[in-house]
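The values are calculated or read from the model by the stated rules, or taken from the named source; none is laboratory data. Quantities reported herein were computed from a predicted structural model and do not represent experimental measurements. As a convention, Cβ positions derive from the backbone with ideal geometry for all residues, glycine included, and neighbour counts pool all protein chains shown.
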């Protein structure tokens, strides 16, 4: 055996291109098998389209089509109505891994690393040898550009095979056609599920899915409002790594350490900057570019010891309770669930990264009564389909004792069983995935706690809902008694002793002994503008047409004494209050308050109010509260706990 | 049958309707009060020498759905009873249950419900079921002995029956009505009455001619005895002064049979003075007998044990004899049947066991 020298080895040592790396490690990016490959490809295409539309403030129309060839090859077509891509960027975006605009920005977005769509192109090229075709149009008066491209895996560069222009009916948008090796038979159901889930968390998007056999599924848009556009923020000191800190210092334009910290990081003012420098025992006029590793280390450590305000949360774009509810309602129509309850947490922070949790619970209807509940996980509006068991969402759900809330759960741990779907959406500038295939979220304590808090709140609402129902049923029984049984007893007893049937009015109030509050909600399609009586006058959105949500509240005094109290109706944040009758005493962003006139025993009053800005079904039950009356006297409303 | 005067019953029933009507007039939520019919609410009545209901009451109020249904049914049943009295008919409890099918909202959902309400009505009005022209489903049990009874038959003729000579081996069958308008005890020539739980043991004593050889009146209890059987024993005891001995299996349920004959039953404590025979004695089989006679046994079930424990807190079982026997049975964990005595032969019960026990109790002298 000849001796191998370092020089010999050096001859073999060379750079590995990212594309080459991918070639050998497909599974890391979610192309592990042919079913997964199909779903991952659809996901990357759709994510790309949605991101493109949202960045240009366009309501997304996404079209997905899959053509299946006999030999196991599929042609995937994804089309969006986004702003299009300028000619010279097309090869970079589709033919180069790790190329993108979002990687360096700290804000919430779907894709980030710039691997997604180009990985699909590469996968297609590896498995079918075919080129990807990209059609893109950037404006009405320009022709569409057709680009056929391949990836040179050695150089991580696109190779443009052919370029042409064509006519396209769309004013603007992008169409991608990629041939891939995939298991269509097995995968098509998952594609459907994936797109349906995507539609739930993207209520502003319309998605059309055309199967190979021509069947078209339309996931409709349920709101015309785009998600809040996110603001890019600077890194927060709690989340920055030492290496990043050093790199940032090398590239900064600041000449002094204190101004470097103040300008390059979020939440750092004079006071906190000085506190951090003092803690690290560093001079404020140090030149960042000349600092030693030890000095950086001291600074990095001091960040953790100083109280720093949480980063601003403008960088997040949660879906919102009303929209999640509306979306769920729309997508679960066939199930006709008993109720849908949502809950969202205020933004929070882990390691300097802002995040926010929103959860929802769909219960009853045609959902299977047995077996574990269905868990739908979403991160930055993208459904997570695999590795449920290894995800912090599952961990959080499993650690709540659901038996108290009427679901089966042997030993009070693990995924509960029952007719329910649990939805969790996490928005963050940096979702801490467990791996590059972005399928599961890592067990971060702060995130787990927030998910638990959100679900507990949701469960409490469920409990509240059920209790309210039980109380109503009990009172209904009393109504039965009063309207049917009592007159019978009176009749029978007076007949037996030959006397006239006595009057029952007063006894009825005595038996009921409650104030009964009941509400009905109706929806009306209108063209007129709602009459604006909002006192705060914040909402200057001019809305005409749409749906008016009309609520009627009936208050009956079955107590023996007159009752006078205040009534509150909670209104969704995005609703605009129209007419109220009787006139409301106060209207705020969150509620309407009435100071009711005294109601005499056995008398009733009707209250009506209108809301605009909601869709049909957004509000299906009023949340009513009472004040200045003993809450145990009242059925149908709870004690007002203050604003 | 001699026609009874029911006017008092009608007054009492109308009083219920009156009470409810007046509640309506006063704009008060209608209600009826009655004694709580549970173990914890029975007290020994020194004067009557039986167990009666104590002072605890429950009320049936129209405030709740259940209470309102109860009142409505009470009114329907009261009206129905009035009607039966008017047209001179009677019905069985089961018939009344079926008749309630036509009562719309007041309809009963089980016969248990209607039976309980009939008892409630008895308690409220202090009338007897017979006053309401309601009779039980089950017939009374059988009697054999040197005893003559005169019964007024359905043809309104008097008929004398000697309970040995005029009956077969099955004995004289006790009718559901044993009041003086129906039967009269004409004469007895015997030394004691022995009431037997099971038919098998009754027939054994008949076959072995225990009634003649030992001058006994044999009464078959047929398990938990019907009201008419208990009333019959009571009359026999009061009118002839013969001691009454209760002979049952050895388990907690049999002890309750004894209690209902001797002390009065919890469910019918309002009429204990009519039904209970305080001069009754428990003959056996006692838990001590199991040990003394080395009888074949079964293990106590969980229900048996609970029943025994419940008897330890039952005010009727608080004397030293019962406390001792119940504790003994819990200790040995066994139960036995009357017929287990057959272990020693078919004649053992009549030749050995009963004579020994009766001598021990001072009924027989040898």
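Being closer than 30 Å to residue A:462 by Cβ and in contact (Cβ under 8 Å) with a residue 24 or more places away in the chain is the requirement here; does residue A:308 meet it?
For residue A:308, the condition - closer than 30 Å to residue A:462 by Cβ and in contact (Cβ under 8 Å) with a residue 24 or more places away in the chain - is not met.
Would you check if residue B:167 is more than 19 Å from the chain's Cα centre (by Cα) and assigned to a helix (DSSP H, G or I)?
For residue B:167, the condition - more than 19 Å from the chain's Cα centre (by Cα) and assigned to a helix (DSSP H, G or I) - is not met.
Every residue in segment B:14-53 that is in a strand (DSSP E or B) and at the interface with chain A (Cβ under 9 Å from one of its Cβ atoms), please.
none
Identify, from the list B:329, B:339, the residue that is at pLDDT 95 or above and assigned to a helix (DSSP H, G or I).
Being at pLDDT 95 or above and assigned to a helix (DSSP H, G or I) holds for just one of B:329, B:339, which is B:329.
Out of everything in segment B:137-156 that is touching a helix residue (DSSP H, G or I) at 6+ places or on another chain (Cβ under 6 Å) and within 23 Å of residue B:271 (Cβ to Cβ), what residue ends up being surrounded by the fewest Cβ atoms within 10 Å (Cβ to Cβ)?
Within segment B:137-156, the match that is surrounded by the fewest Cβ atoms within 10 Å (Cβ to Cβ) is B:137.
Using the structure shown, decide if residue A:252 is touching a residue at least 24 places away in the same chain (Cβ under 8 Å) and crowded, with 20+ Cβ neighbours inside 10 Å.
Judged against the criteria, residue A:252 is not a match.
Of the residues that sit in segment A:92-105 and are surrounded by 21 or more Cβ atoms within 10 Å (Cβ to Cβ) and assigned to a helix (DSSP H, G or I), which one is modelled with the lowest pLDDT?
A:95
Considering only residues that are at pLDDT 85 or above and more than 7 Å from chain B (Cβ to nearest Cβ), look in segment A:499-513 and name the one that is surrounded by the fewest Cβ atoms within 10 Å (Cβ to Cβ).
A:500
Going by the conditions given, is residue A:393 buried (at least 23 other Cβ atoms within 10 Å of the Cβ) and touching a strand residue (DSSP E or B) at 6+ places or on another chain (Cβ under 9 Å)?
Yes; evaluated as a whole, the condition is true for this residue.
Which condition from (1) in contact with a helix residue (DSSP H, G or I) (Cβ under 6 Å, 6 or more places away or on another chain); (2) modelled with pLDDT of 90 or more; (3) over 25 Å from residue B:13 (Cα atoms) is the one that residue A:493 breaks?
Looking at each condition in turn, residue A:493 falls short on (3).
Among the listed residues B:119, B:113, which satisfies the condition of being out of contact with any helix residue (DSSP H, G or I) (no Cβ under 6 Å at 6 or more places or on another chain) and farther than 19 Å from residue B:15 by Cα?
B:113
Table: residues versus (1) crowded, with 16+ Cβ neighbours inside 10 Å; (2) on the phi > 0 side of the Ramachandran plot; (3) part of a helix (DSSP H, G or I).
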{"position": "A:421", "(1), (2), (3)": "yes, no, no"}
{"position": "A:426", "(1), (2), (3)": "yes, no, no"}
{"position": "A:435", "(1), (2), (3)": "no, no, no"}
{"position": "A:459", "(1), (2), (3)": "yes, no, yes"}
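I'd like to check something: does segment A:482-498 contain any residue that is under 28 Å from the mean Cα position of the chain (by Cα) and surrounded by fewer than 14 Cβ atoms within 10 Å (Cβ to Cβ)?
no
When residue A:572 is evaluated against the numbered criteria (1) modelled with pLDDT of 85 or more; (2) surrounded by 17 or more Cβ atoms within 10 Å (Cβ to Cβ), which criterion, by number, is the only one it fails?
So residue A:572 meets the others, but not (1).
Given the condition outside any helix (DSSP H, G or I), modelled with pLDDT of 90 or more and crowded, with 20+ Cβ neighbours inside 10 Å, answer yes or no: does some residue in segment A:217-238 qualify?
Scanning segment A:217-238 turns up at least one residue that is outside any helix (DSSP H, G or I), modelled with pLDDT of 90 or more and crowded, with 20+ Cβ neighbours inside 10 Å.
Looking only at segment B:283-300, which residues are surrounded by fewer than 16 Cβ atoms within 10 Å (Cβ to Cβ) and at positive phi?
Passing the criteria: only B:294.
Do you know which residues across segment B:54-69 are more than 10 Å from chain A (Cβ to nearest Cβ), surrounded by 14 or more Cβ atoms within 10 Å (Cβ to Cβ) and not in a strand (DSSP E or B)?
Within segment B:54-69, B:54 is the sole residue that qualifies.
Residues being buried (at least 20 other Cβ atoms within 10 Å of the Cβ) and not in a loop (DSSP other than H, G, I, E, B): count how many of those fall in segment B:193-205.
Of the residues in that region, 8 qualify.
Tell me which residues, restricted to segment B:218-260, are out of contact with any helix residue (DSSP H, G or I) (no Cβ under 8 Å at 6 or more places or on another chain) and part of a strand (DSSP E or B).
Those that are out of contact with any helix residue (DSSP H, G or I) (no Cβ under 8 Å at 6 or more places or on another chain) and part of a strand (DSSP E or B): none in segment B:218-260.
Out of B:159, B:89, B:186, which single residue is exposed (fewer than 14 other Cβ atoms within 10 Å of the Cβ), not assigned by TED's automatic domain parsing to the domain that holds residue B:272 and not in a helix (DSSP H, G or I)?
Testing whether each residue is exposed (fewer than 14 other Cβ atoms within 10 Å of the Cβ), not assigned by TED's automatic domain parsing to the domain that holds residue B:272 and not in a helix (DSSP H, G or I) leaves just B:89.
Yes or no: residue B:106 more than 19 Å from residue B:232 (Cβ to Cβ) and within 14 Å of another protein chain (Cβ to nearest Cβ)?
Against the criterion (more than 19 Å from residue B:232 (Cβ to Cβ) and within 14 Å of another protein chain (Cβ to nearest Cβ)), residue B:106 qualifies.
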